[in-house]
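Visitor: Quick one: this structure, given as structure tokens, is what I'll be asking you about.
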Amino acid sequence: MKKSITKISLFILTGLIIFGCNSTKRVPDGKRLLTKNDIYIDDKKDNGEEITNQLYQKQNSSLLGYRLRLNLYNLAKPKSDSLFRDKMIKNPKRYYRKAKWLSKKQVKRLGESFLYSGLDNFLRKTGEAPVILDTSSTKKSIRRLKSYYYNRGYFDVTAQYKIDSLDPKKVKLKYNINTGKPYILDSITANISSKPLDSMFELRKRNSYIKSGQRYETSNFNEEKKRITEDFRNNGAFRFQQNYVNFDIDTIGRKYNPNVTLIIEDESIRFEDSIQTKPFELYKISKVNIFTDHSPTNPNAAIQDSITYNDITLYSVNKLKYRPKALTDGIFVTKGNYFSDFRTSVTSRYLSNLKVFNYPLIQYVEDKNEKNSLIANVYLTPRKKYTFGFSTDFTHSNIQDFGISGNTFLAIRNVFNGAETFELGFRGNIGSSKDLANPNNTFFNISEIGVDAKLNFPRIFFPFKTDKIIPKTMIPYTTMSVGYSKQTNIGLDKQNFTSSLSYNWTPKRNMTFKVDLFNIQFVKNLNPSNYFNIYKSSYNTINEIAQSYPTVNSDYFNDNDDLIIEDGVLGFVTDVANQEVPITITDAKSLLSIMERRKRLIENNLIFASNITFTKTSKKDLFDNEFYAIKAKVESAGNILALIAKASEQLQNQNGANTFLDVEFSQYIKTEFEYIKHWDLSRKKILAFRAFGGIAIPYGNSNSIPFSRSYFAGGTNDIRAWQSYSLGPGASGSFLDFNEANMKLTFSSEFRFNIFQQLNGALFADVGNIWNVLDNTTNKPSVFSGIKSLENIAVGTGFGFRYDFNFFIIRLDLGFKTYNPALEENERWLRELRFNKSVLNIGINYPF
């Protein structure tokens, strides 16, 4: 096997060398391939990304130094359809035979088909044509390089280039840039004819992007233009535009220390056939109108109803369907205030967030009755009040031989005339299973039903006002939700109830808070004794183990010598636990894993929690590749129920824990923190990093964390060298089906790069693990006992491919166990760094 791998590797390496030496195969005679660009800044080489991006012509792309795309292009036959035609011309008999059989048109298409041209077309499209030296592009690069440094204050910059011939068909370019001495700004003054604007500028000029003693930067002057324009337009300068901001840079007699004068000239106004100028003035809002049922197709429809509330007039073509306060709360353009772009933007965001209207239109017209006044008209186009949808699906699983599931949902907008939205969904499933008891011999012998409801209020729904703490500009809303589902003859006949009351608000555009005043999850299994009827693989494994030991109590078996469900199975497992039936370590691990999985799946849960989540990101849009994101969460559960239990002096169960509705409630405190950072290295190269830490500590009524709130490691979006739930806790060996714990640390980094077109690659490293801490776990390898336990952090490395479909990404990652803490200490590093020990992950979009 080793010899075969060596031969294959040698063959691939030889092929790469052959293709690499033939890089000029498609370079025409008399032309030369551009192999390299070297840039020297003041005699120092600088091929940094930002500098090389100024070049119009760059050498062919490479992957780890190998020009893959160029060599793919060179493999393609040039004009393969022309070669096919030539072949037919040289052999007319063959052409006529094909034409007689196919027709002349089909023969022509045959030459364009994949059989003759498809592979070559694919190679040309996937590959990259050789970059031929073009001196006109080189001269453009010189001009752009000079402009690049000129805009950074090097006004005396000079640039030249030199062509170095490597052989008759290969060249490299050398650019020499002499920057000269930079220009440093001296005094900065302002010349603003409008007194209101001049006062405004002086009030906030400390925020200026240009300062005395600073090197000249064109970007700083552009930012200052934007700052001034934004400041003026947020404080009443309705007619002001950025093109009115100009700078005079005086270098006369002050070659390297120019004086800067900010100039804002008068406003230009067209009056009939002439243009007049006058100093800018500030505008206030004299009136605000809301058109609640505006129709773009019939904008001039007659108004039938109107009302004035809080100095805002609401108009409606039909009868007004909204409580005035529900709409005026979201209008931040108010009478008596100065015109403001910011207030306009926040108003649009608030009204859009209601999900009752299409994107609002806000227009301003001058009030002819008042000087320097504006009338704000807000046009709202309502969405449909009712939206209904449904879907059906056919299913098959290890429980159901055949099943039909259906979902319906109904959305109602403006439920209480306060712009509220209500969503109601029903789901159901009927199925057939031959493994379950079926005394009536009916085909559909299992079923599940569920209902979910959610109500959204566009405000903080609370007994007292919260406007001073969470103002309307933060776009607050409240969500109430409730859900219930019930299974019959399916699995464990589970009942599931959920409910929550959540508050959400946005202090800034990229910052959000979410508070769950309460979040309830209640799960009760009505038929846990049915477990081994459902999970047949688990039953068969225990049955085979029991049958292999003659000392097992014969009362545990039925007439077919199989373990009786459930008494026989539990009796056998109990005897093993009490060491009444000695079995091998391997079989003991199998039993422990199966019973641990059963314990988790039949577990009843009551979680009554409250939490707060904070998120912040600097990401501007989907195309922003350099940003950070922070997420922090704190959750507490069981405290209210503990107070109720204590006040009612409720009896404890046999485990010494309080119960509610015959279910032990969970009590714990949990906190999480996640940090993500992306660096754009340009040329479609990105470095991404993520850190996550979380811990959940049980106390009071609990000595462990419920499964739904615990942590696991491994999987597509975690430590990719391990499958989900297969890593940890600590160095325990992860032999259980569901390895989980109450503490987690993970760190991941990933280098992403473009291979060609939509195909991208990645190299990644994931480190981390889960541990048990301050709970009822006594297994030492699983417990976090301090800094020393960090030696059990697992390391996974690997590579992956991503194909970008623009609207989503298909991702394949191959992870290798680089450091496995479950192995013996001297065998942890690199012992499993091979393909038969790797883990393939298939996912949608990036892992972080």
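Visitor: Among the residues that make up the range 709-720, is at least one of them touching a helix residue (DSSP H, G or I) at 6+ places or on another chain (Cβ under 9 Å), over 17 Å from V839 (Cα atoms) and not charged (D, E, K, R)?
Guide: No - not one qualifying residue is present in the range 709-720.
Visitor: Now a separate question. Take T671 and tell me if it is surrounded by 16 or more Cβ atoms within 10 Å (Cβ to Cβ), hydroxyl-bearing (S, T, Y) and touching a strand residue (DSSP E or B) at 6+ places or on another chain (Cβ under 8 Å).
Guide: no
Visitor: With respect to I602, is the statement that it is at pLDDT below 85 and crowded, with 16+ Cβ neighbours inside 10 Å true?
Guide: Yes.
Visitor: Within the range 237-254, is even one residue touching a Gly at 6+ places or on another chain (Cβ under 8 Å) and either small (G, A, S) or in the same structural domain as P196 (by TED's automatic domain parsing) (or both)?
Guide: Checked the range 237-254: no residue is touching a Gly at 6+ places or on another chain (Cβ under 8 Å) and either small (G, A, S) or in the same structural domain as P196 (by TED's automatic domain parsing) (or both).
Visitor: If you check every pair at least six apart or on different chains, which have Cβ atoms under 8 Å apart with a residue in the range 22-33 that is assigned by TED's automatic domain parsing to the domain that holds K172 first and a residue that is small (G, A, S) second?
Guide: Matching pairs, first to second residue: R26/A129; R32/S165; L33/S23.
Visitor: A further question follows. Of the conditions (1) assigned to a loop (DSSP other than H, G, I, E, B); (2) modelled with pLDDT under 80; (3) closer than 22 Å to V171 by Cβ; (4) not acidic (D, E), L55 satisfies every one except a single condition; which number is it?
Guide: With respect to (1) assigned to a loop (DSSP other than H, G, I, E, B); (2) modelled with pLDDT under 80; (3) closer than 22 Å to V171 by Cβ; (4) not acidic (D, E), L55 is out only on (2).
Visitor: Restricting to the range 323-363, name every residue that is in contact with a strand residue (DSSP E or B) (Cβ under 7 Å, 6 or more places away or on another chain), part of a loop (DSSP other than H, G, I, E, B) and closer than 27 Å to T479 by Cα.
Guide: I331, V333, K355, V356, P360
Visitor: Got at least one residue in the range 207-216 being surrounded by 15 or more Cβ atoms within 10 Å (Cβ to Cβ) and under 36 Å from the mean Cα position of the chain (by Cα)?
Guide: Yes, the range 207-216 has at least one match.
Visitor: Taking K93, is it at pLDDT below 75, surrounded by 12 or more Cβ atoms within 10 Å (Cβ to Cβ) and over 37 Å from the mean Cα position of the chain (by Cα)?
Guide: For K93, the condition - at pLDDT below 75, surrounded by 12 or more Cβ atoms within 10 Å (Cβ to Cβ) and over 37 Å from the mean Cα position of the chain (by Cα) - is not met.
Visitor: Residues of the range 654-679 being closer than 22 Å to L774 by Cα, in a loop (DSSP other than H, G, I, E, B) and touching a residue at least 12 places away in the same chain (Cβ under 8 Å), which ones?
Guide: Answer for the range 654-679, where residues must be closer than 22 Å to L774 by Cα, in a loop (DSSP other than H, G, I, E, B) and touching a residue at least 12 places away in the same chain (Cβ under 8 Å): A657, N658, S666, Q667.
Residue by residue, here is whether (1) in contact (Cβ under 8 Å) with a residue 24 or more places away in the chain; (2) crowded, with 17+ Cβ neighbours inside 10 Å; (3) among the β-branched types (V, I, T) holds:
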| position | (1), (2), (3) |
| --- | --- |
| V569 | yes, yes, yes |
| T574 | no, no, yes |
| A577 | no, no, no |
| K589 | yes, no, no |
| S648 | no, no, no |
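Visitor: Return the only residue of K181, K162, K205 being part of a strand (DSSP E or B) and among the charged types (D, E, K, R).
Guide: K162
Visitor: Further question: Would you pick out the residues in the range 740-791 that are touching a Phe, Trp or Tyr at 6+ places or on another chain (Cβ under 8 Å), over 26 Å from R600 (Cα atoms) and among the polar types (S, T, N, Q)?
Guide: Within the range 740-791, S748, S749, Q758, N760, S789 meet the criteria.
Visitor: Being of a type in the set (S, T, Y), touching a helix residue (DSSP H, G or I) at 6+ places or on another chain (Cβ under 8 Å) and either in a helix (DSSP H, G or I) or on the phi < 0 side of the Ramachandran plot (or both) is true for just one of S682, S590. Which residue is that?
Guide: S590
Quick grid of which residues meet (1) assigned by TED's automatic domain parsing to the domain that holds L33; (2) in contact (Cβ under 8 Å) with a residue 24 or more places away in the chain:
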residue: N121; (1), (2): no, yes
residue: S137; (1), (2): yes, yes
residue: Y154; (1), (2): yes, yes
residue: A159; (1), (2): yes, no
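Visitor: Would you point out the residue of the range 171-183, among those that are out of contact with any strand residue (DSSP E or B) (no Cβ under 6 Å at 6 or more places or on another chain) and either of a type in the set (G, A, S) or surrounded by 15 or more Cβ atoms within 10 Å (Cβ to Cβ) (or both), that is farthest from S137 (Cα to Cα)?
Guide: My answer is Y183.
Visitor: For the range 566-575, check the following and say yes or no: at least one residue is small (G, A, S), at pLDDT below 95 and in contact with a strand residue (DSSP E or B) (Cβ under 8 Å, 6 or more places away or on another chain).
Guide: yes
Visitor: Out of all the residues in the range 522-564, which are aliphatic (A, V, I, L, M), modelled with pLDDT of 90 or more and in a loop (DSSP other than H, G, I, E, B)?
Guide: V552, I564
Visitor: Take the range 326-343 and flag every residue that is surrounded by 19 or more Cβ atoms within 10 Å (Cβ to Cβ), over 22 Å from T466 (Cβ atoms) and without any contact (Cβ under 8 Å) to a residue 60 or more places away in the chain.
Guide: V333 - this is the single residue of the range 326-343 that is surrounded by 19 or more Cβ atoms within 10 Å (Cβ to Cβ), over 22 Å from T466 (Cβ atoms) and without any contact (Cβ under 8 Å) to a residue 60 or more places away in the chain.
Visitor: From the set of residues in the range 365-415 that are part of a strand (DSSP E or B) and among the small types (G, A, S), which is modelled with the lowest pLDDT?
Guide: Per the criteria, the residue is G403.
Visitor: Considering only the range 45-66, state which residues are in contact (Cβ under 8 Å) with a residue 60 or more places away in the chain, surrounded by 14 or more Cβ atoms within 10 Å (Cβ to Cβ) and of a type outside the set (S, T, Y).
Guide: The answer is I51, Q54, L55, Q57, K58, Q59, N60.
Visitor: Same structure, new question: Is there a residue in the range 216-238 that is assigned to a helix (DSSP H, G or I), without any contact (Cβ under 8 Å) to a residue 60 or more places away in the chain and among the hydroxyl-bearing types (S, T, Y)?
Guide: yes
Visitor: Also, quick follow-up: For the range 177-186, indicate whether the set of residues that are within 42 Å of the chain's Cα centre (by Cα), polar (S, T, N, Q) and on the phi < 0 side of the Ramachandran plot is non-empty.
Guide: no
Visitor: Return the pair list, or none, for Cβ contacts closer than 6 Å from residues in the range 242-257 that are over 21 Å from E223 (Cβ atoms) and of a type in the set (F, W, Y) to residues that are loosely packed, with under 13 Cβ neighbours inside 10 Å and modelled with pLDDT of 85 or more, at least 6 apart or on different chains.
Guide: Y256/K181
The values are calculated or read from the model by the stated rules, or taken from the named source; none is laboratory data. Computed from a predicted structure; not experimentally measured. Because the Cβ atoms are built from the backbone with ideal geometry, glycine has one as well, and the counts that use them run over all protein chains shown.
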